[in-house]
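Beneath this line is the structure, given in structure tokens, with notes to follow.
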Amino acid sequence: MVERVRGLLRMAEDPSVTDAESQAFTAKAAELMTRHAIAEAEARAERGEEPDAISRMDYTVAGVGGHGKARVRALADIAAAYGCQSAVRGNNSENTDRVIILVGTVSALDALRMLMPSISMQMESSAKFMSSSHVADIRELRNYTRSELETERKRYYRSFVRAYGRAVAERIREFRARLQEMAAPGGSDGSSESVDAARGAELVLLNDVNRVREEFQKQFPQLRKHRPERTHSAAGYRAGYRRGRQAELGLDTPVSRGGTSTLAEGE
């Protein structure tokens, strides 16, 4: 399964494929990883084994200033949808890359390690295209200065990226919930064995959330609050959210409502 996912992501990142093909490959990879994680939880519960181990992963996010903060926000939301909690090191105005420190189950971190680069590539591509189109459109409305256009482009880009990450996270969370419902007693064949396995898997997944939270608090007992972005573009946020909902992720469930994630700056 892992080799199949890696193969799909290699094809998704191939510069010779179209945007639609790239998204389709990433979509299949995300779906495989999500289904695999649920199936593994069911199998462990059925065998009476210990739950998935909790681990940590450091993920470098390129970009400084507001662009870097927007990318951190988007990826942290996506990681939260996989049940992970995150802190950020280097989330300041200095000319250095930021590092998201993720705490989660081994299976969740494995999925994110493979999927985040491809999701980031799609997000960046959409953000650049849409922000350029937005600037071209407003340039025709009145005589903006070059500085004003550049400021608007940055505001639009950052808002787009944050909203894209939120929308993708919501879809991942909704898809994972649907898979868990399919594993629940109502979605099983009714046999006592399948009912017990489904209930066991549900308890394992719920327990994972608590175990991740406890481990995160042990590793980061004191964190500074994440300061929100001071500039905002309503148009960029709306466009990013729409694109995030429409992105090909293999998650064909509608977005109903968003969730929350924990994001703070590391000391």
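The values are calculated or read from the model by the stated rules, or taken from the named source; none is laboratory data. Model, not experiment: these values are computed from the prediction. Don't worry about glycine lacking a Cβ; one is built from the backbone with ideal geometry, like all the others, and counts go over all protein chains shown. Heavy atoms of the whole protein, side chains included, go into the accessibility calculation; ligands, DNA and RNA do not. Shrake-Rupley method; radii C 1.70, N 1.55, O 1.52, S 1.80 Å.
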Could you check segment 109-133 and list, in sequence order, the residues that are touching a Ser or Thr at 6+ places or on another chain (Cβ under 8 Å) and not polar (S, T, N, Q)?
Leu109, Ala111, Leu115, Ile119, Met121
Which residue pairs have Cβ atoms closer than 8 Å, lie 6 or more positions apart in sequence or on different chains, and pair a first residue in segment 110-129 that is farther than 17 Å from Arg4 by Cβ and part of a helix (DSSP H, G or I) with a second residue that is of a type in the set (S, T, N, Q) and open to solvent by less than 20 Å² (accessible area, probe 1.4 Å)?
Ile119/Thr26; Met121/Ser22; Gln122/Ser22; Gln122/Thr26
What residue, among those in segment 79-108 that are at pLDDT 90 or above and in a helix (DSSP H, G or I), is surrounded by the most Cβ atoms within 10 Å (Cβ to Cβ)?
Ala79
A careful count of residues in segment 21-52 that are among the hydrophobic types (A, V, I, L, M, F, W, C), touching a helix residue (DSSP H, G or I) at 6+ places or on another chain (Cβ under 6 Å) and under 30 Å from Ser125 (Cα atoms) gives 6
Which of (1) farther than 24 Å from Phe25 by Cβ; (2) of a type in the set (Ser, Thr, Tyr); (3) open to solvent by less than 10 Å² (accessible area, probe 1.4 Å) does Ser118 not meet, given it meets every other one?
(1)
For Val212, are the conditions met, namely being touching a strand residue (DSSP E or B) at 6+ places or on another chain (Cβ under 8 Å), at pLDDT 90 or above and open to solvent by less than 40 Å² (accessible area, probe 1.4 Å)?
yes
Residue ID - modelled with the highest pLDDT, chosen from residues in segment 109-143 that are over 20 Å from the mean Cα position of the chain (by Cα) and over 20 Å from Tyr157 (Cβ atoms)
Asn143
Flag for Leu206 being hydrophobic (A, V, I, L, M, F, W, C), farther than 26 Å from Ala27 by Cβ and either modelled with pLDDT of 50 or more or surrounded by 19 or more Cβ atoms within 10 Å (Cβ to Cβ) (or both)
yes
Please work out which residue is most open to solvent (accessible area, probe 1.4 Å), limiting yourself to segment 1-18 and to residues that are touching a helix residue (DSSP H, G or I) at 6+ places or on another chain (Cβ under 7 Å) and assigned to a helix (DSSP H, G or I).
Arg4
Failed condition for Arg178, given (1) open to solvent by 70 Å² or more (accessible area, probe 1.4 Å); (2) out of contact with any Leu (no Cβ under 8 Å at 6 or more places or on another chain); (3) modelled with pLDDT of 80 or more
(3)
Against the definition (open to solvent by 30 Å² or more (accessible area, probe 1.4 Å) and more than 28 Å from Gln246 (Cβ to Cβ)), how does Asp137 come out, yes or no?
no
Say we look at segment 26-69 and pick out the residues that are under 15 Å from the mean Cα position of the chain (by Cα) and in contact (Cβ under 8 Å) with a residue 60 or more places away in the chain; which of these is nearest to Ile100 (Cα to Cα)?
Lys69
Residue that is most open to solvent (accessible area, probe 1.4 Å) [pool: residues in segment 23-60 that are in a strand (DSSP E or B) and among the hydroxyl-bearing types (Ser, Thr, Tyr)]:
Thr60
Please verify whether Pro254 is at pLDDT 80 or above, over 30 Å from Gly48 (Cβ atoms) and part of a loop (DSSP other than H, G, I, E, B), treating the condition exactly as stated.
no
Of residues in segment 140-169 being of a type in the set (A, V, I, L, M) and in a helix (DSSP H, G or I), the one surrounded by the fewest Cβ atoms within 10 Å (Cβ to Cβ):
Leu149
